[in-house]
Amino acid sequence: MLTTVLVIMVLGSGALAWQIGRRSQRAGRALPARARPPGEARTHDVVSHAGRDWLVEGVVQLDEGGKRRRLIRLVDGNDTQWLYSDGQELALLRPTDEAPPPLPPSDVLVLAGESFKLAEMGGGRTARHGDVGPRAMERCRFWRYVGPGSRRAWLDEFRAPELLVGDVVLESMLDLLPGS
């Protein structure tokens, strides 16, 4: 009888130890991170496009009237470009050599022989994270233009007016590698 009780106690404690071990293994296992789209890039992430890796150095977010727009500063060595995201469209934009037009700008901009029509304008408070270069101000005004095909232009005024020009990109053309 004593032997039977000892066997049951050993088996019971072994089963309990096994169950506790399984629970702690499950708890220690990290769940896979939810994949973020490129338009949700954060500081220290890497955005890959056309075989080139760009470090996200900073993000400016403009919330106005329930619509969120983000300008994500991408840097590779001495090259800088901006990823524009509004939840519907992504565009890679670069500073242009052309001088920004006087503010407020007209409804049509002609840049390097291409006509861009005003699509929207706005302004207000911004939230910033990381190094956003000349866009490190709490307030701004902006004008977004649509050009031929996938061409886009963005004019903003933080400290001084700056003009960015580029193209719409498909989300599938960008890879986001989360940073640390």
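The values are calculated or read from the model by the stated rules, or taken from the named source; none is laboratory data. Please read these numbers as outputs of a predicted model, since none were measured by experiment. Cβ atoms come from the backbone with ideal geometry, glycine included; neighbour counts cover every protein chain shown.
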Counted residues, segment 87-98 - those being out of contact with any helix residue (DSSP H, G or I) (no Cβ under 8 Å at 6 or more places or on another chain) and in contact (Cβ under 8 Å) with a residue 12 or more places away in the chain: 8
Just to be sure before I move on: is G113 farther than 21 Å from E89 by Cα, at pLDDT 95 or above and not β-branched (V, I, T) in the structure I sent? no
Which of the numbered conditions does L71 fail, given that it passes all the others? Conditions: (1) touching a Leu at 6+ places or on another chain (Cβ under 6 Å); (2) part of a strand (DSSP E or B). (1)
Any residue in segment 168-180 that's under 19 Å from G147 (Cβ atoms) and in the same structural domain as R94 (by TED's automatic domain parsing): show its pairings with residues that are modelled with pLDDT of 95 or more and of a type in the set (K, R) at Cβ separation under 9 Å, as long as the two are six or more apart or on different chains. V168/R151; V168/R152
Just to be sure before I move on: is D76 more than 25 Å from R139 (Cα to Cα), at pLDDT 95 or above, in contact with a Leu (Cβ under 9 Å, 6 or more places away or on another chain) and not aliphatic (A, V, I, L, M) in the structure I sent? yes
Take the residues in segment 46-66 that are under 24 Å from G149 (Cβ atoms) and over 14 Å from the mean Cα position of the chain (by Cα); name whichever of them is surrounded by the most Cβ atoms within 10 Å (Cβ to Cβ). R52
Failed condition for L103, given (1) buried (at least 16 other Cβ atoms within 10 Å of the Cβ); (2) among the aliphatic types (A, V, I, L, M); (3) not in a strand (DSSP E or B), with all others met? (1)
Residue check for V47: touching a residue at least 12 places away in the same chain (Cβ under 8 Å) and either touching an Asp or Glu at 6+ places or on another chain (Cβ under 6 Å) or under 15 Å from V169 (Cα atoms) (or both): yes
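Among the residues of segment 160-167, are any assigned to a loop (DSSP other than H, G, I, E, B), touching a helix residue (DSSP H, G or I) at 6+ places or on another chain (Cβ under 8 Å), over 12 Å from W82 (Cβ atoms) and not aromatic (F, W, Y)? Explain how you work it out, then say what you get.
Let us first name the residues in segment 160-167 that are assigned to a loop (DSSP other than H, G, I, E, B), namely 160.
If we keep only those that are touching a helix residue (DSSP H, G or I) at 6+ places or on another chain (Cβ under 8 Å) as well, we get 160.
Of the ones still in play, those that are also over 12 Å from W82 (Cβ atoms) are 160.
Remaining after also requiring not aromatic (F, W, Y): 160.
Within segment 160-167, one or more residues are assigned to a loop (DSSP other than H, G, I, E, B), touching a helix residue (DSSP H, G or I) at 6+ places or on another chain (Cβ under 8 Å), over 12 Å from W82 (Cβ atoms) and not aromatic (F, W, Y).
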In the set A41, A91, A112, the lone residue that is more than 10 Å from the chain's Cα centre (by Cα), closer than 23 Å to M137 by Cβ and among the aliphatic types (A, V, I, L, M) is A91
Sole exception among (1) in a loop (DSSP other than H, G, I, E, B); (2) at pLDDT 95 or above; (3) touching a Ser or Thr at 6+ places or on another chain (Cβ under 9 Å) for G149, by number: (3)
